[in-house]
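As C-alpha cells, the structure follows; a few thoughts come after it.
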C-alpha cells in the first residue's frame with residue numbers, strides 16, 4: 001500500500017491531447033470538409049443518383065450529431081484540463097508548505 005495519493009497527471013495530459021485531436025477531426029476542416037469529396041466520388045453510378053442522395057442525407061444528419069459530439073468532447077477536455085491543473089497546483093502548494101521555514 002502506497003503512502004499518499006498518486007494522480008496520473010501525464011495520463012490526464014495525454015487524454016486531453018487525444019480529445020483535442022478527435023475534436024479537430026469533428027470540426028469543419030476535418031470530417032465535415034470531406035462530404036463534397038464523398039459525393040464527388042460516388043457520382044452517379046449507372047446514371048442513378050439515389051446513392052449520392054442517400055449519402056448526402058446521411059452526411060447532413062451526421063453533421064448535426066458531429067457538432068453535438070464535438071461540444072461534449074470540448075466540455076470533457078475542459079474538465080480534464082481543469083482537474084489536471086488543479087491537482088498540479090495543489091501538489092506544488094503542498095510541496096511548498098513542507099519546505100523548511102527560515
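Only the coordinates and a few stated rules stand behind these numbers; no lab work does. Given the structure is predicted, the values throughout are model-derived calculations rather than measurements.
Rounded to the nearest 10 degrees, what's the angle between the helix 50-98 long axis and the longest principal axis of the chain, both from Cα atoms, 0 to 90?
10
Could you work out the Rg to Rh ratio of the stretch 10-95, with Rh taken as the Kirkwood radius (inverse of the mean 1/r over all Cα pairs)? Each step should come with its number before you reach the end.
Details: Rg = 19.7 Å, Rh = 15.5 Å.
Result: Rg/Rh = 1.27.
Measure nothing but the geometry: give the 0 to 90° angle between the long axis through the Cα atoms of 9-26 and the longest principal axis through the Cα atoms of the chain, rounded to 10°.
20
Please tell me the relative contact order of the chain in percent, rounded to the nearest whole number, where contacts are Cα pairs under 8 Å and at least six residues apart. All intermediate terms of the calculation are to be shown ahead of the outcome.
On the way: 40 pairs, mean separation 40.0, N = 102.
Taking the mean separation of contacting Cα pairs over the length of the chain, I get 39 percent.
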